[in-house]
Amino acid sequence: SNAEVRADDRSQKVIDSALNGLTYDAKVIKLDRGQHSFKLSFEQFYARRVNNAMISKGKQLLKTHAKTFAAIEKRYGVPGAVIVAIWGLETGFGANSGNMSSIRSLATLAYDCRRSAFFTNELMSALRIVQRGDMTPAQMRGAWAGELGQTQFLASSYVKFGVDFDGNGRVDLIRSVPDVLGSTANYLKSYGWGPGGWDAGSRNYGVLRQWNKAEVYVKTISVMASKIAG
C-alpha cells in the first residue's frame, strides 16, 4: 500500500515516479506458478545450461577483463573463474538480463498473496535504488521476478552488496561490467568466501549455496568454474 511505502521514508517524488500508472502483470504471476527447472538431475540441468562454446567464451572473458579480475581477487579473494561461471549461467554473460519492468513485476508479486511480504521488501529496496540515484525506474528492467543486472541480483542484494567498482559514483549492475563483477564477488565474500577451492564439500562450495539453494545449480557453478579456470 502507498502508506506502507511512505512509512518506509522513500521520498514522495520517487514513489510517484516509480508507482504511478502501474498495472498488475498477469504474465508475472503465470511465470511465478510454473517454475520446474530444478527438478532435473545434475546431468540434465548441466547439459541444458552449459556447452563448450560457453566455457570457451568464459575463458576469453577472463582474459579480456584480466585487470578487473585481478583487482577484484585482491579486494575480495574470489577468483575470476567463479564469477565468470555465475555470469555465464545467470545471463549468458549479460546477453539475457531481462527486459521486464522490475518495479511493475515486484509490485505485482507484492500484491499477490503467495509471497507478499518477501516481494514488498524487494519493492522497497528497488525504490531505494532509484532514490540513491543508481538507476531510474525506466532503466530498471530485468527478469520476470524482478532480478536485476548481469548476475541477476534481487533488489535487496543490490542495496546490500552492490559496489561501484568502476568508480563513477553509482552502482549500475545492468550496464557496468566492473560493477557487476565486483558486486558478485562482494556478495560471495560477505557470505564467507575464503582461500582455497570450491569443489563439493569445501567451505566455498557451501558459500555458493547462498547464491542459489538448488543443488544442481551450485554443482553447475562449481564444475563450470573449474573448467573455465582450466
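Computed over segment 48-191, the quotient of the alpha carbon radius of gyration and 2.2 N^0.38 Å is 1.05. At full extension, Lys63 and Thr136 could sit 23.0 nm farther apart than now, given 0.36 nm per residue minus the alpha carbon distance.
Can you check what the net charge comes to around Val50, using other residues whose Cβ is under 14 Å from the Cβ of Val50 (Lys, Arg +1; Asp, Glu -1)? Summing Lys/Arg as +1 and Asp/Glu as -1 gives +4. Measure off, as a whole percent, the carbon and sulfur share of the 1.4 Å-probe accessible area of the chain, all protein chains present. Exposed carbon and sulfur together represent 52 percent of the surface.
For the chain, the solvent-accessible area of protein heavy atoms averages 48 Å² per residue (probe radius 1.4 Å; ligands and nucleic acids excluded). Relative contact order of the chain: 24 percent, from C-alpha pairs under 8 Å at least 6 residues apart in sequence.
In a fully extended conformation the segment linking Tyr191 and Asp16 would gain 59.5 nm over its present Cα-Cα distance, using 0.36 nm per residue.
Placing dummy labels 7 Å off each Cα toward the beta-carbon, the span from Ala95 to Lys30 is 2.6 nm. Among the lysines of the chain, pairs at least eight places apart or on separate chains and with Cα atoms under 18 Å apart come to 12.
The values are calculated or read from the model by the stated rules, or taken from the named source; none is laboratory data. Just so it is clear, the structure is predicted and the values come from calculations on it, not from any experiment. So basically every Cβ, Gly included, is an ideal-geometry build from the backbone, and we count neighbours across all protein chains shown. For the accessible areas, the whole protein counts, side chains as well, though only heavy atoms, and no ligand, DNA or RNA atoms are used. Shrake-Rupley method; radii C 1.70, N 1.55, O 1.52, S 1.80 Å.
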